[in-house]
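To keep things clear, I will list the structure first and then write my remarks on it.
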Amino acid sequence: MYAPPPGEQAGPLPRPVPWRRRPTTGRTRLRHGEGLREHLRLGRKGLAIGIDIGGTKVAAGVVDAEGRILNEARRSTPGTDPRAVEQVIVELVEELGRGHRIWSVGIGAAGWMDLDGGTVLFSPHLAWRNEPLRKNLQNLLRRPVLLANDADAAAWAEWRFGAGQGEARLVCITLGTGIGGAMVMDGRVERGRFGVAGEFGHQIIMPGGHRCECGNRGCWEQYASGNALGREARILARANSPVAQDLLAAVGGDADTITGVIVTELALAGDAASRELIDEVGEWLGLGLANLAAALDPGLFVIGGGLCSAGDLLVEPARKAFARNLTGRGFRPAAGIQLAALGPNAGLIGAADLSRVSSRVRA
């Protein structure tokens with residue numbers, strides 16, 4: 001089995017400052033032994049506001065340098081009008097800023113940001129198309145503003161304060177309607193050459209398989225997401241399978257109303273068919289993670305998102321499938337697989353912390 005070479009000590013590597021494009025010359029690293037948290041934080045008075053923009057709600061919180069949420073507020077997402085969304089952000093910052101000295105504001109949203117973090121290239125939930133959102137908000141808020149993909153923000157939060165602490169190379173997977181992803185590598189959010197890395201859910205895992213919303217067939221998220229779980233349960237129920245009777249009873253006999261959330265709740269309550277369905281999703285999850293391990297070689301996968309409420313019912317079959325499909329198994333180190341620790345607040349915590357760190361770096 002794998003062991004570190006003689007004289008090499010296993011453990012996290014020194015980490016450079018996050019969320020900036022690596023300079024081509026003059027790059028500096030943290031001195032050996034320098035405390036990462038001391039390097040990053042601004043102190044206990046360095047508060048930031050994190051805002052997580054979803055399709056239905058905008059969640060915001062005041063976050064301190066240790067990742068603790070001191071105050072929270074929420075609003076409904078105001079349709080798809082970019083100006084209306086900006087106004088909601090301003091209202092939340094003004095509300096949360098009363099009584100706190102706010103250093104910066106971080107915005108996390110689904111979509112693609114440019115490499116400089118100033119423009120939203122595309123957002124699936126909102127009408128942002130090449131929107132100069134950072135400039136707009138900085139003019140309105142008169143504070144430093146950082147834009148981040150929501151999965152990148154959540155991954156950063158888990159690395160800094162959650163399940164990924166101490167891991168030099170972390171991959172975060174979010175399981176919900178689809179599959180999102182992000183990477184923190186040696187202390188940086190790794191966004192790829194064009195800023196759109198992490199679309200792990202659209203690796204093709206079954207050529208010619210289920211049609212995906214992205215236009216391709218056989219994408220991973222068609223087999224290992226909340227939507228996939230609900231679809232497979234509906235197929236089973238529509239076939240009037242005797243093993244699906246409890247599923248049908250739970251929805252009054254209407255198979256079309258079965259969702260992944262319902263299947264998860266029944267599985268946690270002990271329903272055998274629901275547990276079998278989650279086990280299958282877990283196997284697909286583990287297979288996709290093995291593919292990512294072959295390409296990226298992380299030290300840890302952190303699994304978050306709504307589907308993770310299934311807990312070990314999902315993660316244990318994923319670990320078994322991962323071990324069974326890992327390239328070079330038995331002759332290489334294997335990444336760990338852990339559930340995320342910060343729950344639905346990871347996005348706003350990560351966005352706030354990234355804005356704080358980025359603001360300090362630019363200062």
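The values are calculated or read from the model by the stated rules, or taken from the named source; none is laboratory data. All values reported here derive from a predicted model rather than from experimental measurement. Every residue, glycine as well, gets a Cβ built from its backbone with ideal geometry; the counts of neighbours run over all protein chains shown. The area values use the complete protein model at the heavy-atom level, side chains included, leaving out ligands, DNA and RNA. Shrake-Rupley method; radii C 1.70, N 1.55, O 1.52, S 1.80 Å.
Points worth noting:
- Considering residues of region 124-150 that are buried (at least 22 other Cβ atoms within 10 Å of the Cβ) and touching a residue at least 60 places away in the same chain (Cβ under 8 Å) only, the residue farthest from residue 164 (Cα to Cα): 126
- Under the condition of being under 17 Å from residue 131 (Cα atoms) and exposed (fewer than 14 other Cβ atoms within 10 Å of the Cβ), the residues counted in region 56-83 number 4.
- Scanning region 352-363 for residues that are of a type in the set (Val, Ile, Thr) and either modelled with pLDDT of 95 or more or open to solvent by 10 Å² or more (accessible area, probe 1.4 Å) (or both) yields one hit, 361.
- Enumeration of residues in region 72-109 that are under 22 Å from the mean Cα position of the chain (by Cα) and without any contact (Cβ under 8 Å) to a residue 40 or more places away in the chain: 72, 73, 74, 75, 76
- Applying the condition of being more than 24 Å from residue 46 (Cα to Cα) and open to solvent by 10 Å² or more (accessible area, probe 1.4 Å) to region 112-123 and asking which residue is nearest to the chain's Cα centre (by Cα) yields 112.
- Taken as a whole, the condition of being open to solvent by 20 Å² or more (accessible area, probe 1.4 Å), farther than 18 Å from residue 223 by Cβ, hydrophobic (A, V, I, L, M, F, W, C) and part of a helix (DSSP H, G or I) does not apply to residue 349.
- Hey, residue 288 in contact with a Lys or Arg (Cβ under 8 Å, 6 or more places away or on another chain), within 30 Å of residue 330 (Cα to Cα) and not aliphatic (A, V, I, L, M) or not: no
- Selected residue [touching a strand residue (DSSP E or B) at 6+ places or on another chain (Cβ under 6 Å), open to solvent by 10 Å² or more (accessible area, probe 1.4 Å), modelled with pLDDT of 95 or more and among the hydrophobic types (A, V, I, L, M, F, W, C)] from 206, 183: 183
- Of the residues in region 199-215, not one is charged (D, E, K, R) and touching a residue at least 60 places away in the same chain (Cβ under 8 Å).
- Filtered residues of region 315-346 (kept if at positive phi and either part of a helix (DSSP H, G or I) or surrounded by 14 or more Cβ atoms within 10 Å (Cβ to Cβ) (or both)): 343
- When residue 239 is tested against (1) over 23 Å from the mean Cα position of the chain (by Cα); (2) at pLDDT 95 or above; (3) not polar (S, T, N, Q), only condition (2) is not met.
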